[in-house]
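Note sheet for the following structure.
Coordinate-derived values only; no laboratory data. Remember, predicted model here, so these are calculated numbers, not experimental data. A quick note on method: Cβ atoms are made from the backbone with ideal geometry, for glycine too, and the neighbour counts reach across all protein chains shown.
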Amino acid sequence: MKMVIATKNRGKAREIADILKGLPIEIVTLEEYPAIVLPPETGETFRENARAKARAVAEVTGLPALADDSGLEVDALEGRPGVRSARYAGENATDRENYELLLRELKGVPLHERGGRFRCALAYAELEGIDEIFEGSFEGVIAESPEGEGGFGYDPVFIVPEKGVTVAELGPGEKDKISHRAKALFLFREFLIARQKKKS
Ligand code: ITT
């Protein structure tokens, strides 16, 4: 089976491809479809946005598509940046501009009140109309300053409490065992395997 990963975010595409290694799927990315423009993220939820991206890409390519809509919810900010995580500091903001804004907003907030979580909604769509959603979350604490070089997005400011380091400081492959995206992809994997069994 051939499947398109419906994301323009290279960090996400890399993690999804790594985690799905070993499944009998040929993965293609949007780098092979540079003309595709993803629909604007107008939804109020990760689920809605993921569904819109997967459906749009399945319709344009004719291939099954897997889209990821994700973001960071911070309790002290009533769940912000949430669905606006990618555009928090402005429409074309860099990862660094986004997390620097977050750190400014949390200035003076003590560590025990800096809890939050990453959320991921994965949507799988086929041209013939199948739509499935898989979700995962990842609890942590927002650091007072960035640490580490790995990952992408808010990883340098997201502390994994059990490890005492930020996600950007984790060793190779460690994030892919515990992240919101890994949890959602595990459910997607189970779905594909169950479906394959039913067919055979
Ligand atoms: P696509 O829509 O093309 O998939 P995007 O980056 O615009 O790419 P989203 O709208 O889902 O995707 O935004 C997700 C943002 O949330 C992302 O840009 C990061 O800033 C943040 N984010 C999501 N998952 C993350 C992770 O694993 N580590 C760090 N930051 C993450």
Condition set assigned to a helix (DSSP H, G or I) and acidic (D, E), scope the range 167-200, selection nearest to E149 (Cα to Cα): answer is E169
What residue, of V109, V141, is over 15 Å from A67 (Cα atoms), among the aliphatic types (A, V, I, L, M) and not in a loop (DSSP other than H, G, I, E, B)? V141
Residues of the range 6-44 classified as closer than 17 Å to S85 by Cα and of a type in the set (S, T, Y), total: 2
Could you look through the range 1-47, keep only residues that are among the acidic types (D, E) and out of contact with any Ser or Thr (no Cβ under 8 Å at 6 or more places or on another chain), and pick out the one that is farthest from the ligand (Cβ to nearest atom)? E26
Top-ranked residue of the range 144-157 - restricted to ones that are touching a strand residue (DSSP E or B) at 6+ places or on another chain (Cβ under 8 Å) and either more than 10 Å from the ligand (Cβ to nearest atom) or part of a strand (DSSP E or B) (or both), ranked as nearest to T61 (Cα to Cα): G148
Pick from the range 51-81, criterion within 8 Å of the ligand (Cβ to nearest atom) and of a type outside the set (D, E), ranking: surrounded by the fewest Cβ atoms within 10 Å (Cβ to Cβ): P81
Residue pairs meeting the criteria (Cβ under 6 Å; at least 6 apart or on separate chains; first among the charged types (D, E, K, R), in the range 176-199; second surrounded by fewer than 18 Cβ atoms within 10 Å (Cβ to Cβ)): D176/D18
On the given criteria, is G164 within 16 Å of the ligand (Cβ to nearest atom), on the phi > 0 side of the Ramachandran plot and not β-branched (V, I, T)? no
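Going by the conditions given, is N98 near the ligand (Cβ under 9 Å from one of its atoms), polar (S, T, N, Q) and either surrounded by fewer than 17 Cβ atoms within 10 Å (Cβ to Cβ) or in contact (Cβ under 8 Å) with a residue 24 or more places away in the chain (or both)?
It is true that N98 is near the ligand (Cβ under 9 Å from one of its atoms), polar (S, T, N, Q) and either surrounded by fewer than 17 Cβ atoms within 10 Å (Cβ to Cβ) or in contact (Cβ under 8 Å) with a residue 24 or more places away in the chain (or both).
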Filter the range 114-148 down to the residues that are closer than 12 Å to P161 by Cα, surrounded by fewer than 17 Cβ atoms within 10 Å (Cβ to Cβ) and without any contact (Cβ under 8 Å) to a residue 40 or more places away in the chain and list them by number. E139
